[in-house]
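One structure is given below, encoded as structure tokens.
The values are calculated or read from the model by the stated rules, or taken from the named source; none is laboratory data. Note that this is a predicted model, so its numbers are computed, not measured. Glycine gets a Cβ as well: all are built from the backbone with ideal geometry, and neighbour counts include every protein chain shown. Accessible surface areas use protein heavy atoms only, side chains included; no ligands, DNA or RNA. Shrake-Rupley method; radii C 1.70, N 1.55, O 1.52, S 1.80 Å.
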Amino acid sequence: MTASETRPLTAIRSFPSDFLWGAATAAYQIEGAAAEDGRTPSIWDTFSHTPGKVFEGHTGDVAVDHYHRFREDVGIMSELGLNAYRFSVSWSRVQPTGRGPAVQKGLDFYRALVDELLAAGIEPALTLYHWDLPQELEDAGGWPERATAERFAEYAGIVADALGDRVTRWTTLNEPWCTAFLGYGSGVHAPGRTDQVDSLRAAHHLNLGHGLAVQALRAALPADRQLAVSLNLHEVRPLTDSAEDRDAARRIDAVGNRIWLGPMLDGAYPEDLLADTAHLTDWSFVRDGDTAAVRQPLDLLAVNYYTPTLVSHVAEGAEKPQDDGHGNSEHSPWPGADSVAFHRAPGERTAMGWPVDASALYDLLSRVSAAYPDLPLVISENGAAYEDEVGEDGSVHDPERAAYVHAHLEAVHRALTDGVDVRGYFLWSLLDNFEWAYGYAKRFGAVRVDYDTLERTPKSSALWYGRVARTGELHAPFSD
Ligand code: FCB
């Protein structure tokens with residue numbers, strides 16, 4: 001039975017009764033307590049402390065102090081009525097150097113968090129890697145090195161042994177595209193390296209790390225555990241229907257999407273990707289047996305979606321119209337796609353400058369489900385940054401964020417009624433937090449955080465979203 005068969009969905013846009021209504025966060029973006037209880041620096045600690053890398057020198061040292069306030073944060077989710085919470089584990093908090101024995105205090109923190117969630121009736125969904133590689137592993141070469149994939153599988157086993165009795169939902173990697181191509185290609189993310197060959201090597205070792213970690217998780221976890229990977233799949237649209245623009249879209253689909261879907265789900269890298277990047281590398285870092293190791297049965301494919309990707313072909317050396325929404329760098333995060341220009345569709349945009357287009361989420365879900373009909377989907381991130389205004393009484397009315405989420409949930413509902421098997425939706429993000437290279441300048445939270453007092457205040461969008469979560473019915477925001 002698929003999720004969409006559990007309940008009639010049409011009238012007033014009802015969602016299945018077992019639909020997951022969650023919010024998502026990531027360790028470095030919210031925890032703080034950067035040097036407490038044995039935690040050692042990750043690449044994001046190093047990067048954020050390097051002048052010029054993050055907006056106004058912001059760091060995650062304190063972040064929103066979730067490490068000390070997690071009980072309050074779980075309480076907020078419970079009051080809102082959410083039934084799931086996606087968080088990530090900080091690798092260097094539980095295995096400080098990325099090697100060797102675990103630190104019990106680090107594991108205890110996540111155990112306490114999970115217990116608090118379970119007691120509140122909120123399902124924990126654990127992500128093992130949301131970009132915060134232990135610095136010592138980067139010093140040894142980072143993701144371009146094969147050994148990092150092996151270390152990652154070992155770490156997966158440690159976390160599975162510690163939390164496998166109580167966590168059902170496991171995700172290996174979050175957005176490996178960002179790790180590989182923003183971290184090692186354009187350099188706008190940690191560790192800030194800019195070498196296209198390294199970025200492709202990183203991509204392969206992330207794929208391998210995923211496969212080895214799934215094997216380690218299966219070995220350590222009870223049989224009913226749900227395993228997934230979170231990909232920021234790009235819904236790529238050609239600017240025109242010309243053959244050249246369609247080829248530009250194909251290139252971005254290859255190095256944005258199929259570089260992961262190919263090995264993880266089909267057991268091979270796409271031929272066109274290998275051809276597009278042949279001038280950079282012969283891919284000899286892919287060893288015999290690697291793609292078989294990467295392709296492991298998954299229970300869910302988790303999709304992060306924010307905005308569509310609009311591309312055209314440009315002649316070599318010609319001026320390119322705009323950046324791709326991933327920050328400006330003279331180094332491209334798109335190896336094999338130098339002839340591709342990125343555009344932003346006219347119309348509404350979020351505070352990130354990202355065009356708002358929920359139809360692309362519908363198209364993406366439809367396309368992925370047609371390609372992999374037996375693999376259930378979950379939206380592991382979707383949401384928007386806006387310039388929130390705080391009222392005199394401290395409240396935040398953010399109708400734009402609610403409208404964004406409403407439109408995207410409508411798209412999810414439309415996919416469900418078509419028979420696409422979508423199991424849940426995680427709003428990015430529960431809390432305002434450290435938005436990577438943008439520091440604290442961009443607010444994605446459903447809950448406002450005052451960065452001076454660390455006080456939390458649910459925004460009006462959170463109250464609306466909580467009502468949707470509690471009722472399973474999608475009412476228009478603020479219409480009643
Ligand atoms: C995604 C990241 C997440 C957050 C959102 C806005 O790419 O996974 O941590 O930064 O974007």
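Structure data summary
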quantity	calculated
Any hit, segment 150-162, residues being under 25 Å from residue 281 (Cα atoms) and not hydrophobic (A, V, I, L, M, F, W, C)	yes
Total residues in segment 103-131, condition part of a loop (DSSP other than H, G, I, E, B) and either within 15 Å of the ligand (Cβ to nearest atom) or in contact with a Pro (Cβ under 9 Å, 6 or more places away or on another chain) (or both)	3
Residue within segment 1-8 that is at pLDDT 95 or above and open to solvent by less than 20 Å² (accessible area, probe 1.4 Å) present	no
Pick from segment 335-358, criterion among the small types (Gly, Ala, Ser) and more than 20 Å from the chain's Cα centre (by Cα), ranking: most open to solvent (accessible area, probe 1.4 Å)	347
Number of positions in segment 427-443 that are open to solvent by 10 Å² or more (accessible area, probe 1.4 Å) and in a loop (DSSP other than H, G, I, E, B)	3
Filter result (in contact with a Pro (Cβ under 9 Å, 6 or more places away or on another chain) and surrounded by fewer than 18 Cβ atoms within 10 Å (Cβ to Cβ)) within segment 359-394	359, 363
Yes/no for residue 397 being open to solvent by 60 Å² or more (accessible area, probe 1.4 Å) and more than 16 Å from the ligand (Cβ to nearest atom)	yes
Residue match in segment 200-212 (condition: part of a strand (DSSP E or B), more than 16 Å from the ligand (Cβ to nearest atom) and either open to solvent by 50 Å² or more (accessible area, probe 1.4 Å) or out of contact with any Gly (no Cβ under 8 Å at 6 or more places or on another chain) (or both))	no
Filtered residue count, segment 214-230, keeping only those that are in contact with an Asp or Glu (Cβ under 9 Å, 6 or more places away or on another chain) and either at pLDDT below 95 or buried (at least 24 other Cβ atoms within 10 Å of the Cβ) (or both)	2
Single residue of segment 164-186 satisfying the filter (surrounded by 22 or more Cβ atoms within 10 Å (Cβ to Cβ) and farther than 28 Å from residue 289 by Cα) that is nearest to the ligand (Cβ to nearest atom)	186
Pair list, Cβ under 9 Å, 6 or more apart: segment 17-37 residue farther than 26 Å from residue 402 by Cα, other residue away from the ligand (no atom under 13 Å from the Cβ) and open to solvent by less than 10 Å² (accessible area, probe 1.4 Å)	32/64; 32/66; 33/66; 33/93; 34/42; 36/93; 37/93; 37/106
